[in-house]
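Here the structure is laid out as structure tokens; the discussion comes afterwards.
The values are calculated or read from the model by the stated rules, or taken from the named source; none is laboratory data. For clarity, every value in this text was computed on a predicted model and none was experimentally measured. Neighbour counts are summed over all protein chains in view; Cβ atoms, including those assigned to glycine, are modelled from backbone coordinates with ideal geometry. Keep in mind that these areas ignore ligands, DNA and RNA; they rest on the heavy atoms of the full protein, side chains included. Shrake-Rupley method; radii C 1.70, N 1.55, O 1.52, S 1.80 Å.
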Amino acid sequence: IECLTILRGVRASADEPGVWEGGDILEPKTGKIYRVRLQVQSGGKSLEVRGYLGFFFRNQYWQRQE
């Protein structure tokens, strides 16, 4: 899949440095859209990606390639 937008509308948190929130994330396999919260970890080497719908959520950890 080329040129597929998976994140949109995410903004830096005014209260928490290294956190972005308020946007949506697309699950490409199912086409479902979830709210998203991103948090930088390990000095920028890892990104915690939390997709959630109501009280249900799932975390993924994306690693930066060097």
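Observations
- Residue list for segment 9-25, restricted to those being open to solvent by less than 90 Å² (accessible area, probe 1.4 Å) and touching a Ser or Thr at 6+ places or on another chain (Cβ under 7 Å): Val19, Glu21
- Scan of segment 1-28 for residues that are closer than 21 Å to Leu53 by Cα, assigned to a loop (DSSP other than H, G, I, E, B) and of a type in the set (A, V, I, L, M, F, W, C), ordered by number: Ile6, Val10
- For Gly44, the stated conditions hold: it is exposed (fewer than 12 other Cβ atoms within 10 Å of the Cβ) and small (Gly, Ala, Ser).
- Residue within segment 29-39 that is in contact (Cβ under 8 Å) with a residue 12 or more places away in the chain, loosely packed, with under 15 Cβ neighbours inside 10 Å and either within 11 Å of the chain's Cα centre (by Cα) or assigned to a loop (DSSP other than H, G, I, E, B) (or both) present: no
- Qualifying residue in segment 10-26 (condition: in contact with a Leu (Cβ under 9 Å, 6 or more places away or on another chain), basic (Lys, Arg) and touching a residue at least 12 places away in the same chain (Cβ under 8 Å)): no
- Matching residues, segment 53-62, being over 10 Å from the mean Cα position of the chain (by Cα) and surrounded by 10 or more Cβ atoms within 10 Å (Cβ to Cβ): Leu53, Phe57, Arg58
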